[in-house]
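Report on the structure given below.
FYI, it's all coordinate maths here, none of it is from the lab. Since the structure is predicted, the reported quantities are computational estimates derived from the model, not experimental observations. Backbone-built Cβ (ideal geometry, glycine too); neighbour counts: all protein chains shown.
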Amino acid sequence: MDKAMFDLARAAMAKAHAPYSNFHVGAVMKGANGRLYGGCNVENAAYPEGCCAETSAIAAMVMDGEAKIAEVLVMGAGEGLVTPCGGCRQRIREFAADDVPIHICSPDELRRTVTLGELLPLSFGPENLG
């Protein structure tokens, strides 16, 4: 994880639209092209029709034409680790291999790094379809 990823996640977290949960999350996907794609969670009054920070970052990456995730950073506040939800784990899996590192951070520090395979063991991915 580099400082640019951390700083972008913190900036994204600060822009989250979370008026209902007040739970702000920032995420960054590093594409295989080396570019960084940030996203924040965006809640909606028609709960649960919002989107997660990881989903926003993946959408920005895809919009840029990148189709492979090389590294992930997820940032949220609180005592517990803020890891990607189940749906986002599967979304990340669509573009990432089991060995992709996922950095779990608070707004102040790296708290833990795991691989996608550790978060989503025995996963189903695009290669299972062909």
The chain - mean residue ellipticity at 222 nm from DSSP helices (-39,500 (n - 2.57) per run, n ≥ 4, rounded to 500): -8000 deg cm²/dmol
Neighbour cut-off at most 12 other Cβ (10 Å), DSSP loop, GluC sites (Glu not before Pro), segment 48-103: Glu49, Glu79
Would you list which lysines come within 16 Å of Lys30, measuring only between C-alpha atoms, while excluding same-chain residues fewer than 8 positions from it? Lys3, Lys68
How many nm separate the modelled label positions at Val62 and Lys15, each set 7 Å beyond the Cα in the direction of the Cβ? 1.9 nm
Between the modelled labels at Lys3 and Thr115 (7 Å from Cα along Cα→Cβ) the distance in nm is 3.0 nm
Segment 66-130 - share of DSSP beta bridges that are antiparallel (%, nearest 5): 55 percent
Within segment 72-109, report the trypsin sites (Lys or Arg not before Pro) that DSSP leaves as loop and that have at most 14 other Cβ atoms within 10 Å. none
Protection proxy (average C-beta count within 10 Å per residue), highest first, orders 4-16, 98-110 as 4-16, 98-110
